[in-house]
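Some notes on the structure that comes next.
The values are calculated or read from the model by the stated rules, or taken from the named source; none is laboratory data. Remember, it's a predicted structure, so these values are computed and weren't measured experimentally. Here the Cβ positions follow ideal geometry from the backbone for every residue, glycine too, while neighbour counts run over all protein chains shown.
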Number of protein chains: 2
Amino acid sequence: MAIKYPQGQQPLRPAQEQPQQALGSSAAKRGMTLEHELNLSNQYYLSVDRAVIHKKPTPIQLVKVDYPRRSAAVVREAYFRRPSTTDYNGIYQGHYIDFDAKETRNKSSFPLKNFHAHQIEHLRHCLKQGGICFAIIRFTNLGQNYLYPASKLIQAWDQQDTGGRKSILLTTIQTDGFPIALGLQPRLDYLAAVDQLLETIKHKGVDYE
Amino acid sequence: MAIKYPQGQQPLRPAQEQPQQALGSSAAKRGMTLEHELNLSNQYYLSVDRAVIHKKPTPIQLVKVDYPRRSAAVVREAYFRRPSTTDYNGIYQGHYIDFDAKETRNKSSFPLKNFHAHQIEHLRHCLKQGGICFAIIRFTNLGQNYLYPASKLIQAWDQQDTGGRKSILLTTIQTDGFPIALGLQPRLDYLAAVDQLLETIKHKGVDYE
């Protein structure tokens, strides 16, 4: 592998956060916070051998790369590409885990336009293979976080075509989802909510799978 | 999400191949071929609902991003970062799948220096969680491809510290691994080799897990 990595360039925050960081919008800053907390939680889970879950890097389309002598390759022109999957996946005690993390400033519902069609399709495919799939939804202004099963998310998504709501009510999320507690280690203990999802799948079956 | 994607910029080859492409070395070109064949195979597996396996994008450290008015954000300075995981993961019939793909021009052995320590550690963690982990090794000059179980790879890696070989003999790979046939659809039917690995784990147990 001939790629040279720059010396001493390790950023304080993971590289995958930087596209949003670079955007500098308030939406991006809010997104980074949830993302940062998830990254910290995933590092913790890895350190105690509880799970191996990583955020995928943001895909970049390279156009121009320079190779200055005796130093690292420098990307001089590139564009952000739309990812073809969700942002997070990995393994937790034998289970394939797949999810995306979203934030809303709304106080009573989560707008479905926060998802792209290709992300929903990806979750649909992963569910078919037996994956444990969900969204982590943060209501920024309420300070509340939920794990919402992909099966329910996909139902809501599909019902839009037949006159259904363009958003999921908070009360629905509270009924069908699982709250995620904020803590210190891990910051967001979303695997505790995954445990509840696994129990629910065991007892209620296909509707949650 | 405020990121704008460029219009009509969809490349013919997946973006994640481009760092190697940009390097232009012969090693990179060979690497791209295996990578390209794996991407085609993964697209095929997805299209027939056999598995959901993707290559992760190459991580990039952004330094400078421009925002020309009314057009997509342009990355003006960025560097390649060393990935913290293997390149490929996903789900196959309930199994978490994790692997990396490597090529060698050697004809009688596979040099272990093709792997980085962090990749071996990642495979070790995924095995502990019950993942199906392996390397896909191509002997370019022999035109042969093998699935080699991560358990065996890690054994060879660890034995280097106690005077063991710095490479894995082709004959060992032929004994402990599984050949992957080249075809049209899929190009590399590596899931057939995964089926053999799953059978072997069932019969021989922990040594392969």
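Filtered by the rule that a residue be surrounded by 22 or more Cβ atoms within 10 Å (Cβ to Cβ) and more than 7 Å from chain A (Cβ to nearest Cβ), segment B:72-103 gives B:THR86, B:GLY90, B:ILE97, B:ASP98, B:PHE99, B:ASP100.
Selection within segment A:41-66: residues that are more than 8 Å from every other protein chain (Cβ to nearest Cβ) and among the β-branched types (Val, Ile, Thr). The member of this set that is surrounded by the most Cβ atoms within 10 Å (Cβ to Cβ) is A:ILE53. Restricting B:ARG30, B:ARG69 to residues that are modelled with pLDDT under 95, at negative phi, touching a Ser or Thr at 6+ places or on another chain (Cβ under 6 Å) and more than 10 Å from every other protein chain (Cβ to nearest Cβ) narrows the list to B:ARG30. Filtering segment B:130-152 to residues that are under 20 Å from B:PRO83 (Cα atoms) and of a type outside the set (A, V, I, L, M, F, W, C) leaves only B:GLY131.
The single condition from (1) touching an Asp or Glu at 6+ places or on another chain (Cβ under 6 Å); (2) over 22 Å from A:TYR96 (Cβ atoms) that A:GLY131 fails is (2). Among the numbered conditions (1) in contact with a Gly (Cβ under 6 Å, 6 or more places away or on another chain); (2) over 20 Å from A:HIS118 (Cβ atoms), the only one that A:TYR148 does not meet is (2).
Do you know which residues across segment B:51-73 are part of a strand (DSSP E or B) and within 29 Å of A:GLU121 (Cβ to Cβ)? If the condition is that a residue be part of a strand (DSSP E or B) and within 29 Å of A:GLU121 (Cβ to Cβ), then B:VAL52, B:ILE53, B:HIS54, B:LYS55, B:ILE60, B:LEU62, B:VAL65 are the ones that fit. Take the conditions of a type in the set (A, V, I, L, M, F, W, C), out of contact with any Leu (no Cβ under 7 Å at 6 or more places or on another chain) and under 27 Å from A:ILE91 (Cα atoms) and apply them to B:LEU170. Does it pass? In short, no. Out of curiosity, is B:ALA135 of a type in the set (A, V, I, L, M, F, W, C), touching a Phe, Trp or Tyr at 6+ places or on another chain (Cβ under 9 Å), free of Cβ contacts under 8 Å to residues at least 24 places away in the same chain and not in a loop (DSSP other than H, G, I, E, B)? Against the criterion (of a type in the set (A, V, I, L, M, F, W, C), touching a Phe, Trp or Tyr at 6+ places or on another chain (Cβ under 9 Å), free of Cβ contacts under 8 Å to residues at least 24 places away in the same chain and not in a loop (DSSP other than H, G, I, E, B)), B:ALA135 does not qualify.
Do we have any residue at all in segment A:9-26 that's in contact with a Ser or Thr (Cβ under 8 Å, 6 or more places away or on another chain), modelled with pLDDT of 75 or more and either more than 10 Å from chain B (Cβ to nearest Cβ) or not in a loop (DSSP other than H, G, I, E, B) (or both)? No, segment A:9-26 has no match at all. Kindly establish whether A:GLY143 is of a type in the set (Gly, Ala, Ser) and out of contact with any His (no Cβ under 7 Å at 6 or more places or on another chain). In short, yes.
Is it the case, given these coordinates, that A:GLN160 is away from chain B (no Cβ under 14 Å) and either buried (at least 17 other Cβ atoms within 10 Å of the Cβ) or over 15 Å from the mean Cα position of the chain (by Cα) (or both)? When the stated conditions are applied, A:GLN160 passes them. So how many residues does segment B:91-107 have that are more than 16 Å from B:GLN144 (Cα to Cα) and touching a Ser or Thr at 6+ places or on another chain (Cβ under 9 Å)? Residues meeting the conditions: 3.
So that you can scan it fast, the table gives a plain yes or no per residue for (1) in contact with a Pro (Cβ under 9 Å, 6 or more places away or on another chain); (2) part of a strand (DSSP E or B); (3) modelled with pLDDT under 95; (4) not charged (D, E, K, R):
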| site | (1), (2), (3), (4) |
| --- | --- |
| B:SER84 | yes, no, yes, yes |
| B:ALA101 | no, yes, no, yes |
| B:LYS107 | no, no, no, no |
| B:CYS126 | no, no, no, yes |
| B:TRP157 | no, no, no, yes |
| B:GLN160 | no, no, no, yes |
| B:THR175 | no, no, no, yes |
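Among the residues of segment A:33-56, those identified as of a type in the set (Ser, Thr, Tyr) and touching a strand residue (DSSP E or B) at 6+ places or on another chain (Cβ under 9 Å) are A:THR33, A:SER41, A:TYR45.
What about B:ALA78, is it free of Cβ contacts under 8 Å to residues at least 24 places away in the same chain, more than 19 Å from B:ARG187 (Cα to Cα) and of a type outside the set (Phe, Trp, Tyr)? Even if it seems obvious, please write down each step before you answer.
Details: free of Cβ contacts under 8 Å to residues at least 24 places away in the same chain: yes; more than 19 Å from B:ARG187 (Cα to Cα): yes; of a type outside the set (Phe, Trp, Tyr): yes.
Yes, satisfied.
Residue check: A:HIS203 meets all listed conditions (1) in contact with a Lys or Arg (Cβ under 9 Å, 6 or more places away or on another chain); (2) within 26 Å of A:ALA51 (Cβ to Cβ) but one, namely (1).
Across segment B:39-50, what is the number of residues that are assigned to a helix (DSSP H, G or I) and out of contact with any Lys or Arg (no Cβ under 7 Å at 6 or more places or on another chain)? Of the residues in segment B:39-50, 6 are assigned to a helix (DSSP H, G or I) and out of contact with any Lys or Arg (no Cβ under 7 Å at 6 or more places or on another chain).
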